[in-house]
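Below is one structure; the comments refer to it alone.
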Amino acid sequence: VQLVESGGGLVQAGGSLTLSCAVSGTIGSINAMAWYRQAPGKQRELVARISASGRINYADSVKGRFTISRDNAKNTMSLRMQMNSLKPEDTAVYYCNAGWDIGATMLYDYWGQGTQVTVSS
């Protein structure tokens, strides 16, 4: 399975960006997807996640501003995240994550290479 992110860039505070993640390979081995981010000097953190059951969770810091969505079509799968009202503190490398959700944890997962999002004040 390969994950390829796109859509990052430089935007002013208050602006919007849409991140996309294209999944290729054995997509039948994926039932949960998420976006993580890592800012300089900080640990990687969960931003938004769609579980195997379709439940969506957001980090408190992005609730009401970010929207995660997933598209499944024949032999293709993609993940998107619409990011509105961006703040300088949203600046980070954003990573797409996908894997097999078994409830309490992921049996296995895969990571994309990351895409940089920079929000200027």
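The values are calculated or read from the model by the stated rules, or taken from the named source; none is laboratory data. Only a predicted model underlies this, so the values are computations on that prediction, with no experimental measurement involved. Cβ: placed from backbone, ideal geometry, glycine included. Neighbour counts: every protein chain shown. Keep in mind that these areas ignore ligands, DNA and RNA; they rest on the heavy atoms of the full protein, side chains included. Shrake-Rupley method; radii C 1.70, N 1.55, O 1.52, S 1.80 Å.
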The lone exception for TYR36 - which of (1) among the hydroxyl-bearing types (Ser, Thr, Tyr); (2) part of a loop (DSSP other than H, G, I, E, B); (3) buried (at least 17 other Cβ atoms within 10 Å of the Cβ) it fails: (2)
Verdict on SER20 being under 26 Å from SER120 (Cα atoms) and polar (S, T, N, Q): yes
Top-ranked residue of the stretch 100-121 - restricted to ones that are assigned to a strand (DSSP E or B) and modelled with pLDDT of 95 or more, ranked as farthest from GLY28 (Cα to Cα): SER120
Test: residue in the stretch 71-83 that is polar (S, T, N, Q), part of a loop (DSSP other than H, G, I, E, B), under 17 Å from VAL4 (Cα atoms) and at pLDDT below 95: yes
Residue within the stretch 45-54 that is within 11 Å of ALA98 (Cα to Cα) and in contact with a Lys or Arg (Cβ under 6 Å, 6 or more places away or on another chain) present: yes
The stretch 39-70, residues that are of a type in the set (A, V, I, L, M) and not in a strand (DSSP E or B): ALA39, ALA52, ALA59, VAL62
Tally, over the stretch 64-121, of residues that are over 13 Å from the mean Cα position of the chain (by Cα), open to solvent by 40 Å² or more (accessible area, probe 1.4 Å) and basic (Lys, Arg): 2
